Amino acid sequence: MVKKLALSFVSLLVALLGAELLLRVTGAAPEVSVIRKGRFQLSANPKIGYEPVPSVHYEGTDLSFYDYQGASNSLG
């Protein structure tokens, strides 16, 4: 009984590791970045959701996640 459980556990672990490796190699997993993106970050207050990131300075040309070029103040 113990041998069958151990074999099941090891085979499950090998299958999960193989699936993880396959997803990483092929790039099929989506990129997830919900903690901080651009000028916004996840807030500690669950009622707010997201809040501005303090002291961000951006001078690039892609404004998809940045509302404007330049710096924000220490409060965001």
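For the stretch 45-76, which residues satisfy the criterion of being under 18 Å from residue 35 (Cα atoms), small (Gly, Ala, Ser), surrounded by 10 or more Cβ atoms within 10 Å (Cβ to Cβ) and at pLDDT 70 or above?
55
Determine whether residue 22 is at pLDDT 80 or above and surrounded by 10 or more Cβ atoms within 10 Å (Cβ to Cβ).
Judged against the criteria, residue 22 is a match.
The values are calculated or read from the model by the stated rules, or taken from the named source; none is laboratory data. All figures in this text were calculated on a predicted structure; none of them were measured in a lab. So basically every Cβ, Gly included, is an ideal-geometry build from the backbone, and we count neighbours across all protein chains shown.
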